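Only one structure is covered here, and it is reproduced in the block below.
The values are calculated or read from the model by the stated rules, or taken from the named source; none is laboratory data. Since we're looking at a predicted model, the values are computed, not measured. Here the Cβ positions follow ideal geometry from the backbone for every residue, glycine too, while neighbour counts run over all protein chains shown. Just the protein is used for accessible areas: all its heavy atoms, side chains included, with ligands, DNA and RNA removed. Shrake-Rupley method; radii C 1.70, N 1.55, O 1.52, S 1.80 Å.
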Amino acid sequence: AVVGSSVSGERRRAHRLLAQRRAGDPARHAWHLAEAATGPDEHVAALLQEVAHGNLFRGDSVGAVRELLRSADLSPSGTGRSARLAEAAYLGATVTGDLGAVPALMDAARDADPRYGGSLAGAVAGAYHLLTGDGDVDGAHRLLVGAIEAHPGRADAPDKTLIEALYTLLLVSFY
């Protein structure tokens, strides 16, 4: 009742105070900062993205996708927004198995940054969608090879997205 009767400025102020008090709890701190935000905020977007990665590590892939989507909403730049949307699509395709949202997320990632469109993470999500939706093995192969060749950190061994892209390319090549 109190929240329902409050105005948005009061709610944002309450979330800012709660964020200060939850500074030792990164997830709650980030969510309260996100609820207090009035517009794009890269700092808060990056905090939410870190929380998403932590939740993914703990096995909460659905929560990670939700946090990445909110993080994308708070991203001020097209590139940051695009990368976060593509990562959400990638997790939806590879971890949660929710392929239905992949096309819309990929379209949004391309709209946010037409030049890259989430590049590698988006390519992996797109490849999974092509394989399981249309069975387009050749299209998935072209998509992955192009994204891997364009990826700037092709020699970066701990790059999880690159590893997933190479694994997916191996799977596609097997087909």
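Per-residue answers, yes or no, for (1) over 16 Å from the mean Cα position of the chain (by Cα); (2) more than 21 Å from Leu18 (Cβ to Cβ):
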residue: Ala30; (1), (2): no, no
residue: Ala34; (1), (2): no, no
residue: Gly39; (1), (2): yes, no
residue: His43; (1), (2): no, no
residue: Ala52; (1), (2): no, no
residue: Leu56; (1), (2): no, yes
residue: Asp60; (1), (2): no, yes
residue: Ala64; (1), (2): no, yes
residue: Glu67; (1), (2): no, no
Hits in region 1-21 (condition: open to solvent by 80 Å² or more (accessible area, probe 1.4 Å) and either in a loop (DSSP other than H, G, I, E, B) or touching a helix residue (DSSP H, G or I) at 6+ places or on another chain (Cβ under 8 Å) (or both)): Ala1, Val3, Val7, Arg11, Arg13, Arg16
Number of the exception - Gly24 against (1) outside any helix (DSSP H, G or I); (2) closer than 30 Å to Leu130 by Cα: (2)
Test result for Gln49, touching a Leu at 6+ places or on another chain (Cβ under 9 Å), at pLDDT 90 or above and not charged (D, E, K, R): yes
Single residue of Gly97, Gly80, Gly63 found to be buried (at least 16 other Cβ atoms within 10 Å of the Cβ), within 28 Å of Ala140 (Cα to Cα) and free of Cβ contacts under 8 Å to residues at least 24 places away in the same chain: Gly63
Residue count for region 111-144, restricted to those that are farther than 18 Å from Val65 by Cβ and surrounded by fewer than 18 Cβ atoms within 10 Å (Cβ to Cβ): 11
